[in-house]
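Just below is one structure, and these are the notes that go with it.
The values are calculated or read from the model by the stated rules, or taken from the named source; none is laboratory data. Every value quoted in this text rests on a predicted model; they were computed, and no experiment measured them. Here Cβ is always computed from backbone atoms with ideal geometry, including for glycine, and neighbour counts include all displayed protein chains.
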Amino acid sequence: MQLICSQFAVKSKLNKDNGFTYILSTFILSTFAATTPKLQHYMSWFVLYTSARAEKRVLDRISEMEIEVYLPLHKVKRRWSDRIKLIEIPLFNSYIFVKCNEHKLRELLLIYGVSRIVYYLGKPAIVRDCEIDSIKEFLEVAAHKEIITCGDEVDIICGPFENRGGKVLEIGDKWAKLYLKELGAKIYVSLLELSKKEIGNKK
């Protein structure tokens with residue numbers, strides 16, 4: 001997921017009458033450069049970029065150093081042979097947040113699995129506390145609901161159209177309207193029957 005240097009916003013669209021209608025997630029990284037030497041001694045949220053699929057291992061290693069660290073995780077459905085299982089995956093692939101001073105931040109580059117510090121305008125990017133809180137609030141709303149939006153490619157993991165893939169045209173409270181290319185048809189499917197296709201696995 002590309003992070004854009006602007007404002008880190010996590011937007012969820014809610015229907016006041018029907019409760020949770022759908023989650024439209026827009027994640028933009030709010031960063032601003034540390035412009036004075038004094039900021040090097042302040043505790044701030046910084047962003048680290050990790051090796052592929054190393055986020056949870058890096059989380060454990062940094063936690064052992066008693067440094068505050070945050071890895072946003074959300075639950076998605078995955079099919080395992082004869083059953084469907086909920087698993088936790090990072091909300092932002094390869095990104096993890098740490099709260100420390102800039103001096104300690106540079107020491108974290110020695111941790112196995114940490115690739116680099118995320119920079120903006122030549123300085124380590126800083127994320128405000130309120131933006132970290134926004135991510136946490138979003139994940140509470142989206143708990144047990146896979147983040148599916150219009151335009152996503154999805155797999156149907158159960159029901160009469162099991163093992164077929166489609167593109168999301170519309171999202172409702174409990175359903176999605178899909179276009180099935182192989183059938184040339186538009187159908188309505190329960191959100192519980194859908195799993196978002198992973199990047200690289202689109203057919």
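General remarks:
- Top-ranked residue in segment 78-118 [being among the aliphatic types (A, V, I, L, M) and either under 30 Å from residue 156 (Cα atoms) or touching a Ser or Thr at 6+ places or on another chain (Cβ under 8 Å) (or both); ranked as modelled with the lowest pLDDT]: 84
- Residues of segment 172-203 satisfying the condition of being aliphatic (A, V, I, L, M) and either modelled with pLDDT under 85 or in the same structural domain as residue 85 (by TED's automatic domain parsing) (or both): 183, 191, 192, 194, 199
- Tallying residues that are touching a Leu at 6+ places or on another chain (Cβ under 9 Å) and closer than 12 Å to residue 50 by Cα within segment 104-141 yields 8.
Results for (1) acidic (Asp, Glu); (2) surrounded by fewer than 12 Cβ atoms within 10 Å (Cβ to Cβ), shown as yes or no for each residue.
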{"position": "114", "(1), (2)": "no, no"}
{"position": "121", "(1), (2)": "no, yes"}
{"position": "130", "(1), (2)": "no, yes"}
{"position": "135", "(1), (2)": "no, no"}
{"position": "140", "(1), (2)": "yes, yes"}
{"position": "150", "(1), (2)": "no, no"}
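- Counting only strands (runs of 3 or more DSSP E) that sit completely within segment 61-180, those holding 1 or more residues that are within 23 Å of residue 44 (Cα to Cα) and β-branched (Val, Ile, Thr) correspond to 68-70, 95-100, 114-117.
- Pairs are defined by a Cβ separation below 7 Å, a sequence spacing of at least 6 or placement on different chains, a first member in segment 47-63 that is touching a residue at least 40 places away in the same chain (Cβ under 8 Å), and a second member that is assigned to a loop (DSSP other than H, G, I, E, B) and buried (at least 22 other Cβ atoms within 10 Å of the Cβ); the pairs so defined are 47/125.
- Test: residue in segment 26-41 that is over 30 Å from residue 175 (Cα atoms), loosely packed, with under 14 Cβ neighbours inside 10 Å, at pLDDT below 75 and of a type in the set (Lys, Arg): yes
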